[in-house]
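**Q** I am attaching a structure below and will ask some questions about it afterwards.
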Amino acid sequence: GAVVSQHPSWVICKSGTSVKIECRSLDFQATTMFWYRQFPKQSLMLMATSNEGSKATYEQGVEKDKFLINHASLTLSTLTVTSAHPEDSSFYICSAGGLAGGLWEQYFGPGTRLTVT
Amino acid sequence: AQTVTQSQPEMSVQEAETVTLSCTYDTSESDYYLFWYKQPPSRQMILVIRQEAYKQQNATENRFSVNFQKAAKSFSLKISDSQLGDAAMYFCAYRSAYGGATNKLIFGTGTLLAVQP
């Protein structure tokens with residue numbers, strides 16, 4: 001399958017600052033990017049879906065002004081957590097989706113652990 | 001709306017034995033995909049197996065096989081000859097086959113599998 005990378009793998013930031021997480025699809029054209037949030041021992045919660053070149057579609061209850069998603073190319077999407085607070089501390093996972101060999105495929109990044117102090 | 005239910009929060013199996021993880025789902029769609037993902041302690045999501053709803057034959061991947069009962073909306077995962085490396089959180093997931101905004105995965109709550117040596 002395709003390789004999806006995330007950077008950074010972990011980040012610590014101070015409350016009130018913003019942090020950007022990059023998601024790169026290294027060998028796959030990701031027409032759609034998915035961003036998930038995962039708390040310990042819980043399932044993945046979809047935050048938003050973005051199609052390349054379009055505005056992201058946010059799931060109910062997710063603040064779009066707090067979690068800014070950019071998907072400017074088929075290989076790069078970014079999630080910016082603005083004015084982060086301790087309750088934003090979580091594990092964030094991106095996933096690249098698109099057609100491969102005529103089939104819709106989805107590949108996950110390794111995740112980014114965010115700690116807000 | 002589609003839902004996925006995993007009723008076993010935790011399971012345990014002896015090394016070399018067989019274990020079955022349960023998953024049920026609810027949908028009004030006739031065509032869809034079902035998945036089992038493995039999330040080891042590294043938290044990288046790994047696709048274990050995929051089943052297409054229109055295929056009656058149960059999918060198999062080496063030691064992993066599924067029992068897909070479409071009428072019952074059941075999709076269980078059987079792991080044969082369990083190995084220590086199988087210890088992980090396992091998520092069952094559903095995806096519509098109709099594309100577009102419905103390409104998103106719907107996850108169950110997960111089953112934490114422990115493998116005893």
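**Q** Within the group A:Ala72, A:Ala30, which residue is among the aliphatic types (A, V, I, L, M) and farther than 18 Å from A:Gly111 by Cβ? It would help to see each step written out before you state the result.
**A** On the way: A:Ala30 fails: farther than 18 Å from A:Gly111 by Cβ.
That would be A:Ala72, the only listed residue that is among the aliphatic types (A, V, I, L, M) and farther than 18 Å from A:Gly111 by Cβ.
**Q** Report the residue count in the range B:56-90 for those that are part of a loop (DSSP other than H, G, I, E, B) and either open to solvent by 80 Å² or more (accessible area, probe 1.4 Å) or under 22 Å from A:Ser43 (Cα atoms) (or both). Walk me through how you get there before you give the answer.
**A** At the first step, the residues of the range B:56-90 found to be part of a loop (DSSP other than H, G, I, E, B) are B:56-59, B:62-63, B:70-73, B:80-83, B:87.
Retained after the next criterion (residues that are either open to solvent by 80 Å² or more (accessible area, probe 1.4 Å) or under 22 Å from A:Ser43 (Cα atoms) (or both)): B:56-57, B:62, B:70-71, B:73, B:83, B:87.
Residues flagged as part of a loop (DSSP other than H, G, I, E, B) and either open to solvent by 80 Å² or more (accessible area, probe 1.4 Å) or under 22 Å from A:Ser43 (Cα atoms) (or both) within the range B:56-90 amount to 8.
**Q** Mind checking which pairs have a first residue in the range B:43-61 that is more than 18 Å from B:Gly85 (Cα to Cα) and a second that is β-branched (Val, Ile, Thr), Cβ under 6 Å, 6 or more apart or different chains?
**A** B:Gln51/B:Val66; B:Asn58/B:Val66; B:Ala59/B:Ile49; B:Ala59/B:Val66
**Q** Of a type in the set (Ser, Thr, Tyr), modelled with pLDDT under 95 and surrounded by fewer than 17 Cβ atoms within 10 Å (Cβ to Cβ) - does that describe any residue in the range A:28-48?
**A** Within the range A:28-48, the first condition is being of a type in the set (Ser, Thr, Tyr), and the residues that meet it are A:31-32, A:36, A:43.
Now restrict to residues that are modelled with pLDDT under 95: A:31-32.
Remaining after also requiring surrounded by fewer than 17 Cβ atoms within 10 Å (Cβ to Cβ): none.
Looking through the range A:28-48, none of the residues is of a type in the set (Ser, Thr, Tyr), modelled with pLDDT under 95 and surrounded by fewer than 17 Cβ atoms within 10 Å (Cβ to Cβ).
**Q** A further question follows. Are any of the residues in the range B:98-107 under 29 Å from A:Tyr58 (Cβ atoms), in a strand (DSSP E or B), within 12 Å of chain A (Cβ to nearest Cβ) and open to solvent by 10 Å² or more (accessible area, probe 1.4 Å)?
**A** Of all residues in the range B:98-107, those under 29 Å from A:Tyr58 (Cβ atoms) come to B:98-107.
Filter once more, keeping what is in a strand (DSSP E or B): B:106-107.
In the following step, the residues that additionally are within 12 Å of chain A (Cβ to nearest Cβ) were identified as B:106-107.
Checking the rest, the ones that are also open to solvent by 10 Å² or more (accessible area, probe 1.4 Å) come to B:106-107.
Yes, the conditions are met somewhere in the range B:98-107.
**Q** Every residue in the range A:82-111 that is surrounded by fewer than 22 Cβ atoms within 10 Å (Cβ to Cβ), of a type outside the set (Gly, Ala, Ser) and closer than 27 Å to B:Pro41 by Cβ, please.
**A** Selection gives A:Pro86, A:Glu87, A:Asp88, A:Phe91, A:Glu105, A:Tyr107, A:Pro110.
**Q** Right, another one. Going residue by residue through the range B:12-20, is there one that turns out to be within 14 Å of another protein chain (Cβ to nearest Cβ), over 16 Å from A:Glu105 (Cβ atoms) and open to solvent by less than 20 Å² (accessible area, probe 1.4 Å)? Steps first, please.
**A** Here is the first cut: in the range B:12-20, the residues within 14 Å of another protein chain (Cβ to nearest Cβ) are none.
Scanning the range B:12-20, I find no residue that is within 14 Å of another protein chain (Cβ to nearest Cβ), over 16 Å from A:Glu105 (Cβ atoms) and open to solvent by less than 20 Å² (accessible area, probe 1.4 Å), so the answer is no.
The values are calculated or read from the model by the stated rules, or taken from the named source; none is laboratory data. Keep in mind the model is a prediction, meaning the values are calculated, not measured. Methodologically, a virtual Cβ is constructed for each residue, glycine included, from the backbone with ideal geometry; neighbour enumeration extends over all protein chains shown. Ligands, DNA and RNA are excluded from the accessible area calculation, which covers all protein heavy atoms including side chains. Shrake-Rupley method; radii C 1.70, N 1.55, O 1.52, S 1.80 Å.
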